[in-house]
1. Hey, can you tell me all the residues within region 73-118 that are in contact (Cβ under 8 Å) with a residue 12 or more places away in the chain, within 25 Å of residue 213 (Cβ to Cβ), in a helix (DSSP H, G or I) and of a type in the set (A, V, I, L, M, F, W, C)?
2. Of the residues that sit in region 162-206 and are aliphatic (A, V, I, L, M) and without any contact (Cβ under 8 Å) to a residue 40 or more places away in the chain, which one is surrounded by the most Cβ atoms within 10 Å (Cβ to Cβ)?
3. Considering every residue within region 119-140, establish whether at least one is modelled with pLDDT under 95, outside any helix (DSSP H, G or I) and over 18 Å from residue 184 (Cβ atoms).
4. Among the residues that make up region 95-112, is at least one of them of a type outside the set (Gly, Ala, Ser), more than 15 Å from residue 179 (Cα to Cα) and touching a Lys or Arg at 6+ places or on another chain (Cβ under 6 Å)?
5. Got at least one residue in region 145-154 being in contact with a strand residue (DSSP E or B) (Cβ under 7 Å, 6 or more places away or on another chain), open to solvent by 50 Å² or more (accessible area, probe 1.4 Å) and touching a residue at least 12 places away in the same chain (Cβ under 8 Å)?
Amino acid sequence: MCLAWVLPLSYHSRARMRERYSFRSDSRETPGPREASFRMSSEQLLVVLGFVTIGVLFGATIVAYVITRLSAKSFHPEHSPGLPVGLLGSTALLFGVSGAMHNAYMSVSRNRPDSLRRSLWLGFAFAAAFIVGQVLNWRAMFAAQTSFAQPTLFAFTFYLMTGLHALHVLGGFVPLGIVLFRAAQREYSSSRMDGVRFCVWYWHYLGAIWLVLLAVMFASQ
């Protein structure tokens with residue numbers, strides 16, 4: 001008789017345990033709304049929109065350049081010199097900027113503030129050298145055009161495209177200077193690095209745009 005009481009009790013106990021620890025779908029429901037798998041901060045959204053705006057500006061410039069190149073009969077006169085060789089040096093300097101900024105990002109992600117500041121200053125130096133190199137390239141193009149009565153469309157579009165890019169490089173010194181100042185105050189760390197990240201994105205973006213501009217100009221000269 002004891003066994004007759006024990007068996008039903010044990011059965012009901014096992015049933016209650018199965019109900020409590022069951023893997024039914026309702027037992028897996030999580031309280032509250034489900035969070036989105038991808039989130040973007042307002043700062044990231046502004047940076048992305050800025051990149052889109054810059055991309056549209058340069059895209060329109062390239063389209064206008066190609067249309068002018070195809071429609072103008074005297075775009076590049078026969079005896080007109082080509083692009084300055086110094087553009088290759090400018091490209092190397094932009095690679096230096098991107099490399100230094102990448103090192104800055106890796107330094108802050110590893111909490112190395114001294115290495116972060118050195119990398120930022122190195123990127124600043126490469127960017128300043130790029131501007132100086134572009135001035136030399138413009139002077140070389142101007143000197144090559146002195147044999148013509150008036151500047152050719154080839155020279156004009158060269159000044160336009162490289163000058164537009166140089167303006168964005170000059171504009172990049174503003175966020176870079178802010179990041180340098182805050183890095184000197186040790187405000188960045190692996191858990192607080194958005195300023196460095198956005199600055200790195202900007203300089204990488206300018207480097208990519210420059211490669212596209214350079215390819216278009218060399219292909220159409």
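The values are calculated or read from the model by the stated rules, or taken from the named source; none is laboratory data. Keep in mind the model is a prediction, meaning the values are calculated, not measured. Cβ placement follows ideal geometry from the backbone for every residue including glycine, while neighbour counts extend to all protein chains displayed. Note: accessible area is taken over every heavy atom of the protein model, side chains too, but ligands, DNA and RNA are not part of it. Shrake-Rupley method; radii C 1.70, N 1.55, O 1.52, S 1.80 Å.
1. 87, 93, 94, 95, 97, 100, 101, 104
2. Of the residues in region 162-206, the ones aliphatic (A, V, I, L, M) are 164, 166-167, 169-170, 174, 176, 178-180, 183-184, 193, 196, 200, 206.
Next cut, without any contact (Cβ under 8 Å) to a residue 40 or more places away in the chain only: 166-167, 170, 174, 178.
Details: 166: 20, 167: 10, 170: 12, 174: 9, 178: 12.
Among those residues, the one meeting the criterion is 166.
3. no
4. no
5. If we filter region 145-154 for residues that are in contact with a strand residue (DSSP E or B) (Cβ under 7 Å, 6 or more places away or on another chain), which is where we start, we get none.
Checked against the condition, which is being in contact with a strand residue (DSSP E or B) (Cβ under 7 Å, 6 or more places away or on another chain), open to solvent by 50 Å² or more (accessible area, probe 1.4 Å) and touching a residue at least 12 places away in the same chain (Cβ under 8 Å), region 145-154 yields no hits at all.
Here's the yes/no breakdown for (1) more than 21 Å from the chain's Cα centre (by Cα); (2) of a type outside the set (Phe, Trp, Tyr); (3) over 18 Å from residue 206 (Cβ atoms); (4) at pLDDT 95 or above:
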site	(1), (2), (3), (4)
97	no, yes, no, yes
100	no, yes, no, yes
114	yes, yes, yes, yes
117	no, yes, yes, yes
